[in-house]
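Student: Got a structure here, written out as structure tokens. Questions coming.
The values are calculated or read from the model by the stated rules, or taken from the named source; none is laboratory data. Model, not experiment: these values are computed from the prediction. As a convention, Cβ positions derive from the backbone with ideal geometry for all residues, glycine included, and neighbour counts pool all protein chains shown.
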Amino acid sequence: MYGLLELETDRFTLRKIEDGDLETLHSYWSDEVVTEYMNATFKSIEETQQMVELLNILPEIGEGRRWAIVDKRSGSVLGTCGYHNMKAEHRRAEIGFELGREYWGRGIMQEVMNIVIPHCFEDLGLNRIEAFVTVGNYRSLKALEKLGFKQEGVLREYEFTQGNFRDQVVLAILRSDWGNQI
Ligand SMILES: CC(C)(COP(=O)(O)OP(=O)(O)OC[C@H]1O[C@@H](n2cnc3c(N)ncnc32)[C@H](O)[C@@H]1OP(=O)(O)O)[C@@H](O)C(=O)NCCC(=O)NCCS
């Protein structure tokens, strides 16, 4: 089924977020360190549940998809990743991702994005994948630049998140950039 599309890398499976993942995801989405540069730090499991519901309807409304990142060996959910704000007429979408703090620095996002990006270009026919990163989120910038994303500029006070107007760095990778890396 379209809503259940899964992807796989050597170490990880990307699958639909399930009810059984809620507590684990809440532990990440309520962690102030993980969410420092994200839109919000959730206090209650209900907020996490509502977010999961929103994410799980993305495929149905044709705007994107968010997967749980599952470690094949342990079966643990390590975080989520996917694309949203897909604009079919412009063949572009935005990507997003986060990992539980204990999983940072192991190359997990590199491995996972190395399957999500070709999926976006080859299976979805996108031409541009963009990312908006809050100024100061060096780990995310580094991860994206290592994947071949290029910084295009800074949108000043673009978002009101975590109680402040915050600048966003715009990065993107084009289909032609990706092709040139192979
Ligand atoms: C953004 C985020 C996913 C990046 O995670 P990450 O683990 O640093 O990302 P990567 O997969 O690129 O891993 C690179 C790191 O793993 C290390 N690494 C270990 N094994 C590796 C491997 N096999 N391949 C590549 N890198 C490897 C690298 O040396 C690098 O570490 P360094 O930054 O100390 O040099 C993570 O910091 C996060 O969840 N942040 C909070 C949520 C967030 O801000 N999301 C983005 C919103 S725009």
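Student: So the check is Cβ under 6 Å with 6+ separation or different chains; which pairs have a first residue in the range 48-63 that's in contact (Cβ under 8 Å) with a residue 12 or more places away in the chain and of a type in the set (Ser, Thr, Tyr) and a second one that's crowded, with 18+ Cβ neighbours inside 10 Å and part of a loop (DSSP other than H, G, I, E, B)?
Tutor: Taking only residues 6 or more apart or on different chains, the pairs are Thr48/Phe42.
Student: For Lys72, indicate whether it is touching a Ser or Thr at 6+ places or on another chain (Cβ under 7 Å), modelled with pLDDT of 95 or more and over 24 Å from Gln162 (Cα atoms). Show your work before the answer.
Tutor: Details: touching a Ser or Thr at 6+ places or on another chain (Cβ under 7 Å): yes; modelled with pLDDT of 95 or more: yes; over 24 Å from Gln162 (Cα atoms): yes.
Yes: the conditions hold for Lys72.
Student: From Leu147, Leu141, Leu99, Leu155, grab the single residue that is under 24 Å from Asn39 (Cα atoms), surrounded by fewer than 17 Cβ atoms within 10 Å (Cβ to Cβ) and hydrophobic (A, V, I, L, M, F, W, C). Steps first, answer last, please.
Tutor: Details: Leu147 fails: surrounded by fewer than 17 Cβ atoms within 10 Å (Cβ to Cβ); Leu141 fails: surrounded by fewer than 17 Cβ atoms within 10 Å (Cβ to Cβ); Leu99 fails: surrounded by fewer than 17 Cβ atoms within 10 Å (Cβ to Cβ).
Going through Leu147, Leu141, Leu99, Leu155 in turn, just one is under 24 Å from Asn39 (Cα atoms), surrounded by fewer than 17 Cβ atoms within 10 Å (Cβ to Cβ) and hydrophobic (A, V, I, L, M, F, W, C): Leu155.
Student: Could you list all residues from the range 41-93 that are over 20 Å from Ile173 (Cβ atoms), in a loop (DSSP other than H, G, I, E, B) and touching a His at 6+ places or on another chain (Cβ under 8 Å)?
Tutor: Result: Phe42, Leu58.
Student: Within the range 94-182, which strands (runs of 3 or more DSSP E) (wholly inside it) include 3 or more residues that are among the aliphatic types (A, V, I, L, M)?
Tutor: Details: elements: 128-134, 150-161, 164-174.
Fully inside the range 94-182 and qualifying: 128-134, 164-174.
Student: Also, I was wondering about something else. Looking at Val77, Val33, which one is within 12 Å of the ligand (Cβ to nearest atom) and either at pLDDT 95 or above or among the acidic types (Asp, Glu) (or both)? Give the steps one after another, and end with the answer.
Tutor: Numbers: Val77 fails: within 12 Å of the ligand (Cβ to nearest atom).
Checking each option against the conditions leaves just Val33.
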